[in-house]
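Below you'll find the structure, written out as structure tokens, and then a few comments.
The values are calculated or read from the model by the stated rules, or taken from the named source; none is laboratory data. Not measured: the values here are computed from a predicted model. Positions of Cβ are generated from backbone atoms using ideal geometry, with glycine treated the same way; all protein chains shown enter the neighbour counts. Areas reflect the complete protein model, heavy atoms only, side chains present, ligands, DNA and RNA absent. Shrake-Rupley method; radii C 1.70, N 1.55, O 1.52, S 1.80 Å.
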Amino acid sequence: MSRIGNAPIELPKGVEIKVENGLVTVKGPKGVLTQKVDDSISVDVDGNTITLKRHTEEIPHKAKHGLYRALINNMVEGVFKGYKVEQELVGVGYRASNTGQNLELALGYSHNIVFQIPAEVKLSTVNERGKNPIIILESHDKQLIGHVAAKIRSLRKPEPYKGKGIRFVGEVLRRKAGKSASKK
């Protein structure tokens, strides 16, 4: 039994949902999102409550039940509150700046990297003296903001010895010990 799929989704004030031919559209103050739902799952809207039901007890249908419930819940939360991801650049000489939707990164390579951010994601950078530069991404689409953050992180993943690289704010890295200084 899918515990996540059986949980109802409460619609906050100002959020509208429309279901047509397996296409769920959620509209709110932050924007509009759509998601195609598999035929094995039905979406029912009763006033301010959304419930999802599966037609059979087969394993793939159970998996999709929880998946689509989570996706629709993320859409409702995104158009109402929005999502925010903060990443910090750890390393000497690492810098981040933005001009519009272009993110320019200096990550210790021989050249600066210019990364184009999609229009649905709001980009800002914070550079304070004595602190690591921070990249702030805000959007109503959780999937898109996660994908963009992963692409930025992949440009210079944090390494386990000194911790240099791009990491999420608050992320704890598992550090390794380096070579021993002297042998006896």
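Across the alpha-carbon atoms of the range 29-72, the computed radius of gyration and Dmax are 11.6, 38 angstrom.
Measuring max minus min along each principal axis, the C-alpha atoms of the range 66-142 give extents of 45, 23, 21 Å (largest first). Once all protein chains are placed together, Val169 keeps about 70 Å² accessible to a 1.4 angstrom probe. Relative to the longest principal axis of the Cα atoms of the chain, helix 142-154 runs at roughly 20 degrees. The apolar share of the surface of the range 1-125, taken as the fraction of accessible area on carbon and sulfur atoms (1.4 Å probe, ligands and nucleic acids excluded), comes to 51 percent. Helix 59-80 axis versus longest C-alpha principal axis of the chain: approximately 70°, rounded to the nearest ten. Here each label is just a point 7 Å from Cα along the line to Cβ, and for Ser180 and Val45 those points are 6.7 nm apart.
Taking the Cα centre of the range 51-184 as origin, work out the dipole magnitude from +1 charges on Lys and Arg Cβ and -1 charges on Asp and Glu Cβ, in debye rounded to 20.
Working: 25 positive and 12 negative charges, 190 e Å.
My answer is approximately 920 debye.
What Kirkwood Rh does the range 105-165 have if only Cα atoms enter the pairwise 1/r average? Answer in Å. Intermediate values should be presented prior to the final figure.
Numbers: mean 1/r = 0.0765 Å⁻¹.
With all distinct Cα pairs of the range 105-165 included, I get 13.1 Å.
Rounded to the nearest 0.05, the FRET efficiency derived from the C-beta distance between Lys81 and Asn6 at R0 = 22 Å is 0.40.
Given a 1.4 Å probe, how much area per residue of the range 1-87 is accessible, in Å²?
Numbers: 5130 Å² over 87 residues.
Each residue of the range 1-87 exposes 59 Å² on average to a 1.4 Å probe.
Each listed q (0.22 Å⁻¹) maps to a log10 I(q)/I(0) for the range 1-98, found by the Debye formula over equal Cα scatterers with no solvent: -1.09. Extension gain, Thr34 to Leu155: 0.36 nm times the residue separation minus the Cα-Cα distance gives 40.6 nm.
With contacts taken as Cα pairs under 8 Å and at least 6 residues apart, the chain reaches a relative contact order of 17 percent. The Cα atoms of the chain cover 68, 48, 25 Å along the three principal axes, with the biggest extent listed first. Each residue, Leu23 and Asn102, gets one label point 7 Å from its Cα in the Cβ direction; the gap between the two is 3.5 nm.
The slack in the chain from Ala63 to Val172, taken as 0.36 nm per residue of separation less the alpha-carbon distance, amounts to 36.2 nm.
Remark: spin-label model distance Lys13-Ile136 equals 2.7 nm, labels positioned 7 Å along the Cα→Cβ axis.
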